[in-house]
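Asker: Please read through the structure below; I'll follow up with questions.
Laboratory data are not the source of any read-out in this text; all were calculated from the coordinates shown. If you're wondering where the values come from, they're calculated on a predicted model, not measured in any experiment. Here Cβ is always computed from backbone atoms with ideal geometry, including for glycine, and neighbour counts include all displayed protein chains.
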Amino acid sequence: MANHKSALKRIRSNESKRLRNKYQHKTTRNAVRDLRATSSKKEAKSKLTAVISMLDKLAKNNIIHKNKAANLKSKLTKQVAAL
C-alpha cells in the first residue's frame, strides 16, 4: 500500500485515466464495427470522417499505436471506396 500523499493521488489519477482510455477505445472499436457493417456509400462516407477523427485522437494520446491507427484508416478508406 502506498505511504505517500503523492503516491495515493497517483493511484487515483491512474484509475480515472484508465477508465477514460478504456471508454474511448471501446467507443472507437464500436464505431469501426458499425462502419464495416454499413452498406450505403453515402452513410459510410459520413461515418468514415468521424471514425478517422476518433482514431487520430487515440493515437495522439498513445491509447493505440500510430501505425495501428494508420493501418485501420487505410483499410477502412479502401472499404468505403469499394462500396
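Asker: Can you list the residues, at least 5 places off or on another chain, whose amide H is less than 5 Å from the amide H of I64, using H built in the peptide plane?
Answerer: A59
Asker: Order these peptides, 6-13, 68-75, 51-58, by their mean beta-carbon neighbour count within 10 angstrom, highest first. If you can, show how the numbers build up before the last one.
Answerer: Working: 6-13: 10.4, 68-75: 14.4, 51-58: 17.5.
The densest-packed peptide leads the list: 51-58, 68-75, 6-13.
Asker: Next up: Spin-label point model (7 Å from Cα, Cβ direction): what's the T27 to K66 distance in nm?
Answerer: Result for the modelled spin labels: 2.4 nm.
Asker: Could I ask something else about it? When we measure straight from the Cα of K45, which lysines land under 17 angstrom away, once same-chain ones fewer than 8 places off are left out?
Answerer: Within the straight-line cut-off, K45 pairs with K73, K75, K78.
Asker: I've got another one for you. Output wanted: per-residue J couplings in Hz (rounded whole) for the stretch 73-83, from phi through Karplus 6.51 cos²θ - 1.76 cosθ + 1.60, θ = phi - 60°, x for Gly and Pro.
Answerer: Per-residue couplings from phi come out as 4, 5, 5, 5, 5, 4, 5, 5, 5, 7, 5 Hz.
Asker: On to the next question. Can you compute 3J(HN,Hα) from phi for each residue in the stretch 53-65, using the Karplus curve 6.51 cos²θ - 1.76 cosθ + 1.60 with θ = phi - 60°, rounded to whole Hz and x for Gly and Pro?
Answerer: 4, 4, 5, 4, 5, 5, 5, 4, 8, 6, 7, 10, 6
Asker: How large is the dipole of the stretch 5-82 about the Cα centre if only Lys and Arg carry +1 and Asp and Glu carry -1, each at its Cβ, rounded to the nearest 20 debye?
Answerer: On the way: 23 positive and 4 negative charges, 65 e Å.
Taking the Cα centre of the stretch 5-82 as origin, the dipole is about 320 debye.
Asker: If R0 is 25 Å, what FRET efficiency do you get for K57 and A37 from their C-beta distance, rounded to 0.05? Each step should come with its number before you reach the end.
Answerer: Working: r = 22 Å, r/R0 = 0.89.
Rounded to the nearest 0.05, the efficiency is 0.65.
Asker: Using square roots of five times the C-alpha gyration tensor eigenvalues, list the equivalent-ellipsoid semi-axes of the chain in whole Å, biggest first. Write out the running numbers ahead of the final one.
Answerer: Values: eigenvalues 250, 27, 12 Å².
So the equivalent ellipsoid measures 35, 12, 8 Å along its semi-axes.
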